[in-house]
Amino acid sequence: MGARVDVEGVSVRYGAVTAVDDLSFSLAGDKIYGLLGRNGSGKTSLLSVVGAHRRASAGTVRIDGEPVFENGRATRRVCLVRHTGDAVGTSDRLEHALLQAATLRESWDPDRAVELMDLFELPLDAKFGELSLGKRSAFGVVLGLASRAPLTMFDEAHLGMDAPSRYKFYDALLADFAAAPRTVIVSTHLIEELAAVLEEIVIIDSGRLVLHEEVDALRSRGTSVVGEAEAVDRFVAGLTVLEQRELGRTKEAAVFGELDGARRDRARAEGLDLRPIALQDLFVHLTEPAGGAR
Amino acid sequence: MKWPVLRVLCRALVSVLVVVWAAALVFVAVLVPVVSIWREVTISGWNVASVQAGRWFLFGLGYYAVHDVLPAVIAHGRTRREFAAQAAVVTLVVSGAAALLVAVGFGLEFLLYRAMDWTQRLGEQGTFSSATDFPAIVWAHWAVFAVWMVVGAMVAAGFDRLGGGGLVVVPVGVALILPPGLAVNGSNSLPFLPTLGSWGSVPTAVVLLLCAVSWAVGLAVTWSLVRDLPVRARAV
Amino acid sequence: MFDDRSPIYRQIAERIKADVRSGVLKADEQVMSTNQYAAFYRINPATAAKAFQQLVDEGVLYKKRGIGMFVSEQAREMLRAQGRETFFSEFVDPMVVEARSVGVPLGDVVRRIEQFENGEV
């Protein structure tokens with residue numbers, strides 16, 4: 001059973017710096033969500049508040065309707081794994097860290113933990129501080145998945161993991177999710193590989209919500225319009241233009257939003273070329289500092 | 001499972017405590033005979049080792065509990081409040097265990113000194129004067145250790161919460177450990193600081209009361225600092 | 001496996017339809033479950049479920065409660081009929097446009113097709 005998450009007007013400020021700015025959205029739960037944003041967009045600050053690692057400067061996060069900060073009924077349903085490994089000291093042996101997790105977390109699944117340690121080839125007697133970045137990230141994945149928390153969050157959890165390990169992570173995540181649905185949030189600034197595993201994504205930029213949408217629907221949402229400059233200008237008038245580039249008399253405009261059949265026919269009649277925009281490029285357009293009219 | 005934070009803390013701290021105690025015993029057992037080659041042994045080596053270093057060790061355990069264990073406790077879905085309540089009990093459990101180990105150390109030393117016909121002098125007149133006065137040794141160390149452990153936790157909370165501004169809790173810590181230090185015998189100086197004198201023979205009840213007040217004030221200050229302590233991002 | 005420029009559920013549906021059309025998947029044959037499909041292709045199960053639901057709605061697949069999903073009796077013929085309907089607009093018309101733009105006379109195109117018909121190619 002996954003947890004529902006409501007982010008209500010949350011701000012996080014560090015002195016004069018605002019990392020999260022009056023952000024609101026809701027996740028219904030029982031899905032795998034992606035939290036996307038460029039570096040420094042506020043992802044970690046936001047997840048820290050959702051995971052009760054930090055008190056919000058303003059606003060509230062509710063887990064299944066309950067405010068999460070310092071509320072044991074809510075916090076024990078939440079597990080946030082940051083790639084920095086807050087749950088493990090550098091001199092701790094992995095075995096000890098697992099025992100600690102088993103003692104502190106009621107929903108802990110020790111058998112799953114052992115399976116995952118094997119999967120990622122993590123030695124029980126190794127000290128956390130001696131592991132490579134990729135192995136530390138893998139251990140974070142073990143702590144997150146074996147927590148069986150109704151809301152499990154991975155903050156850049158795959159950092160430093162090589163491709164085979166990342167695939168193991170996705171496979172293990174999908175297997176766990178298929179066996180027992182829960183709410184999972186994975187934050188990343190690399191969308192390519194991960195996108196297929198996600199159901200919905202939340203994109204934030206400068207601490208504000210850019211969009212919250214079903215990933216698959218987003219794949220048909222961006223269109224690149226190429227053709228003679230004036231014809232392109234006429235065609236995109238009134239549409240959301242993310243970016244435009246000109247090369248001689250040819251112009252390319254990236255537009256956001258589904259184009260209906262009539263519009264597509266018009267484009268054909270005007271000799272314009274319509275091409276879908278890949279998800280990664282769409283993400284870049286949506287979070288570009290000079291993102292045009294949005 | 002009941003008292004999860006307490007179990008985690010005790011498991012981490014008591015094992016370290018026992019190892020360090022055993023190491024200190026070996027150290028004293030080797031050092032004192034070496035010293036005896038050059039001069040006559042007239043004071044208790046264990047008293048020097050356990051009282052001075054022991055307090056700083058307990059301080060370190062308190063620091064570790066807040067600086068290292070608290071982030072893990074939060075990361076595993078527990079609240080700061082749960083931590084604070086159970087850690088408060090832990091300061092009593094761990095300092096009590098440490099006090100018992102100190103008393104056992106005195107007993108072992110007593111046997112060694114008697115066999116070698118050395119003098120096991122403890123210090124100024126005060127709460128206890130004999131290495132076999134177990135009850136007095138235990139409760140005096142227990143009370144003082146508990147204060148030192150809480151102060152360690154408080155200082156960690158200060159630096160973790162306030163960064164460099166955490167320096168402001170250091171004088172508070174000194175103020176909390178001074179009265180018990182002055183009141184309890186065998187320790188009439190702050191470790192590694194010049195001798196400040198002693199209040200001489202202080203009634204047991206007064207010592208316990210002083211310690212209880214320091215312990216409670218230390219806990220209150222610590223709680224005010226950790227109640228909304230963010231889990232900091234560790235450097236990778 | 002899947003490209004990032006159109007919804008994956010549509011790509012899955014198209015792939016299964018292609019298998020039905022070509023006879024790789026036969027009538028009343030069971031298809032992979034949503035979770036098997038998700039695990040195999042490393043995609044979100046909801047995406048796979050959406051594709052299967054679309055195929056059920058279109059009558060390509062049918063559900064047997066508690067057992068799984070199967071290829072409909074009439075699926076192959078239905079898909080072939082749909083393919084015939086759009087064949088000229090999807091394949092022949094663009095070919096004519098392309099032939100003209102590179103200067104291949106349409107008569108040559110017709111001759112080429114006749115060679116296929118006569119088994120000469």
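What to note about this one:
- The alpha-carbon of A:LYS127 sits under 29 angstrom from the alpha-carbons of these lysines, leaving out residues fewer than 8 places away in its chain: A:LYS43, A:LYS135, A:LYS168, B:LYS2.
- Karplus-derived HN-Hα couplings along region A:219-225 (A = 6.51, B = -1.76, C = 1.60, θ = phi - 60°), whole Hz, x at Gly and Pro: 5, 9, 8, x, 10, 9, 10
- Only the Cβ atoms of Lys and Arg (+1) and of Asp and Glu (-1) were treated as charged; on that basis the dipole of region A:35-144 about its Cα centre amounts to roughly 660 debye.
- Rounded to the nearest 20 debye, the dipole magnitude of chain C is 560 debye, with +1 charges on Lys and Arg beta carbons, -1 on Asp and Glu beta carbons, and the Cα centre as origin.
- Helical mean residue ellipticity (222 nm; -39500 (n - 2.57) per DSSP H run of 4+; nearest 500) of chain A: -9500 deg cm²/dmol
- About its Cα centre, the dipole of region A:140-266 is roughly 80 debye, where the only charges are +1 on Lys and Arg Cβ and -1 on Asp and Glu Cβ.
- Between region B:22-78 and region C:20-45, the alpha-carbon centres lie 66 Å apart.
- Among beta bridges from DSSP that stay inside chain A, the antiparallel ones total about 65%.
- Across B:SER214, B:SER130, B:SER15, mean-square fluctuation computed from a Gaussian network of chain B (C-alpha pairs under 10 Å connected) peaks at B:SER15.
- Each stretch of four or more DSSP H residues adds -39500 (n - 2.57); spread over every residue of chain B, this sum gives -23000 deg cm²/dmol at 222 nm.
- Positive-end residue, region A:5-215 charge dipole about Cα centroid, Cβ charges, pick of A:ALA56, A:CYS79, A:LEU133: A:ALA56
- Excluding same-chain neighbours fewer than eight residues apart, the lysines reachable from C:LYS17 by a Cα-Cα span under 20 Å are C:LYS26, C:LYS50, C:LYS63, C:LYS64.
- Of all DSSP beta bridges in the protein assembly as shown, antiparallel share, percent nearest 5: 70
- Loop-resident GluC sites (Glu not before Pro) (DSSP state other than H, G, I, E or B) in region A:193-290 with no more than 12 further Cβ atoms inside 10 Å of their Cβ: A:GLU258.
- Only one residue of B:VAL147, B:TRP38, B:HIS67 has its Cα farthest out toward the positive end of the dipole of chain B, where Lys and Arg carry +1 and Asp and Glu -1 on Cβ, and that residue is B:HIS67.
- For A:LEU124, net neighbour charge (Lys/Arg +1, Asp/Glu -1) across residues whose Cβ lies under 9 Å away: -1
- Which of A:SER24, A:SER11, A:SER41, A:SER147 has the fewest Cβ neighbours within 10 Å, and the rest in rising order: A:SER24, A:SER11, A:SER41, A:SER147
- By the beta-carbon count within 10 Å of each Cβ, the least crowded to most crowded order of B:LYS2, A:LYS168, C:LYS50, fewest first, is B:LYS2, A:LYS168, C:LYS50.
- Cα-based shape type of region A:219-286, given that a ≥ b ≥ c are square roots of the gyration tensor eigenvalues and the cut on a/c is 1.5: oblate
- When A:LYS135, A:LYS127, A:LYS43, C:LYS64 are arranged by Cβ crowding within 10 Å, least crowded first, meaning fewest neighbours, the order is C:LYS64, A:LYS127, A:LYS135, A:LYS43.
- Furthest towards positive pole of dipole, A:GLY42, A:LEU99, A:LEU143, structure part chain A, Cβ charges: A:GLY42
- Helix-derived mean residue ellipticity, 222 nm - over chain C, DSSP H n ≥ 4, -39500 (n - 2.57), to 500: -18000 deg cm²/dmol
All of the numbers you see were taken from the coordinates with simple rules; none came from a lab. None of the values given here were measured: they were computed from a predicted structure. Note: ideal-geometry Cβ built from the backbone for every residue, glycine included; neighbour counts use all protein chains shown.
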